[in-house]
Amino acid sequence: MSTDMWAAPIDEQQPSGPSAFEAERIIAASAMARPDLIDELAAEFDPADIQDDRYRWVWSAVDEIRQTLSNSEIRWQAVDRQLQAWRATGYMPIVPLALDQLARLYDEAQTSHSAAAYYAAQITEASIARRYLALGADISVRARSAGFNPETDIAAAQDALDNLVRNDEASTPSLVGDIIGGALERAITKPTNEDRIPTGFADMDALFSGGFAPGQLVVVAARPAIGKSTLGLGLARAAGIKHDIPTLFESLEMGEDELANSVLSAEARIPLHHIKQGIVDDAGMARAARITPKIAAAPLYLNDCSNLSLPILRGRVRHMIRTVGLRLVIVDYLQLMQAPKAENRQAEVSKLTRGLKLMAKEFGITVVVLAQLNRGPEQRTDKRPQVSDLRESGAIEQDADMVILLHREDAYDKESARAGEADFIVGKHRGGPTGTITTAAQLHYAQFVDMAGVG
């Protein structure tokens, strides 16, 4: 812009895109009259959102001067001296407001916090609107580009849109006295399905104080063919069908038909191979007829996606939170997801797990991700898995709030005295106890069940 424009009277500025010039004048004036507003508004207002550079420099001058002055106000003469000093050294590239303009500006000050916060909010909204328009223009350019890639470009646009409106209040420090009351209340209030997601296993729910909590990343890991997909789908059934908790199950291995077969087998107690062979008897079909309406009404969403990346998942989760109130996401399984580009595989997996954890925390949901173990268990005598057996274990273990290792002795020894049993080894539980939970493996019904429920 030309210096003539900057030298123009205050009211002759031409807005570029959505603007809040009146609010910008008032916020700059208010900073002069009450410099402590700079600190009071710091958590909710970014002065970089001030569109008119002249008012932004006034704000900066007040911020600079108040470091050495203890006065309750900084009058326009001091602001003018600071602006002219910056202008003389070349630090400030624009022509600042003149002394008489600063004097008139000072008269517009609003010294109450509520008034200043109101005008600061107007400035922030206008800035978001401008960025929104810029994003739309960028999307338009990308869409017309010969290198347009629907998968990556749309995902990038979704992330950019999410960043426009993301609430940063969660990062504002809280005084311990303001939040200790919540801890006292939680100390005498048992968790409910409103703030916990039951796992479907009594002992595991007891270990986890009622189930999984919002914001948690849970890793369920096993060697191939042990039953991690069956357990993952069981967690989804417990939440979605038994407790009406909106749940998304993302499968990178099984198709929708296979998933539906497994759900029907477990819920109606029909042998899975009978469903696959089409030889279910009348008794089985009667059980299926009784349970099907409950399955059909459940907020359980199954998706077979062989090409799943973190941006695609974030976009789907964001949409489902807004439309169906999604609370639980289960991904089968981690090593099949498309990882962000990095210098090595461990760094790629680290970005994946970190992204999943941030997604859980940001959206206030639980994310369960299934993962594959390396060959460590097969090289030990007792075959029991350990957290260190996780492929790329350092990255996964670091980000996970819980790590549940699935073990079946009869997978290695068909004559084992523990045939038909499965251990859920809780190898990591951030802020809680670990332990081993023994269940019954009814894989012919595509499920694991509490030992007390075997019959």
Identify, by number, the condition in (1) acidic (Asp, Glu); (2) in a loop (DSSP other than H, G, I, E, B); (3) within 41 Å of the chain's Cα centre (by Cα) that Glu125 doesn't meet.
(2)
So, in the range 375-427, exactly how many residues are part of a loop (DSSP other than H, G, I, E, B) and β-branched (Val, Ile, Thr)?
1
Among the residues of the range 344-386, write down those that are closer than 22 Å to Ala213 by Cα and free of Cβ contacts under 8 Å to residues at least 12 places away in the same chain.
Leu358
Residue in the range 139-160 that is part of a loop (DSSP other than H, G, I, E, B), without any contact (Cβ under 8 Å) to a residue 24 or more places away in the chain and among the hydrophobic types (A, V, I, L, M, F, W, C) present
yes
Sort through Ala42, Ala48, Ala28 and tell me the only one that's assigned to a helix (DSSP H, G or I), farther than 15 Å from Ala109 by Cα and at pLDDT 75 or above.
Ala48
Quick one: in the range 139-159, which of the residues that are at pLDDT 85 or above and surrounded by 15 or more Cβ atoms within 10 Å (Cβ to Cβ) is farthest from Ser19 (Cα to Cα)?
Arg142
Just one of the numbered conditions (1) loosely packed, with under 12 Cβ neighbours inside 10 Å; (2) outside any helix (DSSP H, G or I) is not true of Ala183; which one?
(2)
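With the condition kept exactly as written, say whether any residue in the range 422-434 is more than 24 Å from Asp203 (Cα to Cα) and surrounded by fewer than 18 Cβ atoms within 10 Å (Cβ to Cβ).
So in the range 422-434, the residues more than 24 Å from Asp203 (Cα to Cα) come out as none.
No, there is no match, as no residue in the range 422-434 is more than 24 Å from Asp203 (Cα to Cα) and surrounded by fewer than 18 Cβ atoms within 10 Å (Cβ to Cβ).
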For the range 203-320, list the helices (runs of 4 or more DSSP H) that sit wholly inside it and hold at least 1 residues that are among the polar types (S, T, N, Q) and without any contact (Cβ under 8 Å) to a residue 60 or more places away in the chain; which are they?
272-277, 282-297
Is there a residue being out of contact with any His (no Cβ under 7 Å at 6 or more places or on another chain), loosely packed, with under 13 Cβ neighbours inside 10 Å and assigned by TED's automatic domain parsing to the domain that holds Asp36 anywhere in the range 108-123?
yes
Is it the case that some residue within the range 272-282 is within 17 Å of Leu235 (Cα to Cα) and buried (at least 16 other Cβ atoms within 10 Å of the Cβ)?
no
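The values are calculated or read from the model by the stated rules, or taken from the named source; none is laboratory data. All values derive from a computational prediction rather than experimental measurement. Heads up, the Cβs are rebuilt from the backbone with ideal geometry, glycines too, and the neighbour counts pull from every protein chain shown.
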